[in-house]
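Undergrad: Could you have a look at this structure, given as structure tokens, before my questions?
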Amino acid sequence: MRLLTVLFILQAIFAVGSDARSLRDGGGCAQLYVAEEGETLQTISVKCDDLFILDDNPHIVDSDDIGPGTVLFIRQT
């Protein structure tokens, strides 16, 4: 029984830690978002509910400029 309790606590800690950067008031994205492998501006825009990603990130000249590790400013609504 103790082992199950410990495993549950560890799972909760690591699950929250890996998703913490994308949590904001129960959903959405943090003000600074780090793109991950396979993400596009469109998928990030939908995920973060932000239609102004290109306007708010002048360092992104072309939608192909997104790659893993790209830091984006996300407009908070």
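The values are calculated or read from the model by the stated rules, or taken from the named source; none is laboratory data. As the structure is a prediction and not an experimental result, all values here were calculated from the model. Heads up, the Cβs are rebuilt from the backbone with ideal geometry, glycines too, and the neighbour counts pull from every protein chain shown.
Undergrad: Would you pick out the residues in segment 1-54 that are of a type in the set (Asp, Glu) and modelled with pLDDT of 90 or more?
TA: Keep residues of segment 1-54 that are of a type in the set (Asp, Glu), which gives 19, 25, 36-37, 39, 49-50.
Once the filter is applied, which keeps residues that are of a type in the set (Asp, Glu) and modelled with pLDDT of 90 or more, segment 1-54 yields 36, 37, 39, 49, 50.
Undergrad: Is it true that residue 69 is at positive phi, exposed (fewer than 11 other Cβ atoms within 10 Å of the Cβ) and modelled with pLDDT of 90 or more?
TA: Spelling it out, residue 69 is indeed at positive phi, exposed (fewer than 11 other Cβ atoms within 10 Å of the Cβ) and modelled with pLDDT of 90 or more.
Undergrad: Now a separate question. Please go through segment 25-50 and pick out each residue that is of a type in the set (A, V, I, L, M) and surrounded by 11 or more Cβ atoms within 10 Å (Cβ to Cβ). Write out each step before concluding.
TA: We begin by selecting, within segment 25-50, every residue of a type in the set (A, V, I, L, M); these are 30, 32, 34-35, 41, 44, 46.
Listed by number, the residues that qualify are 30, 34, 35, 41, 44, 46.
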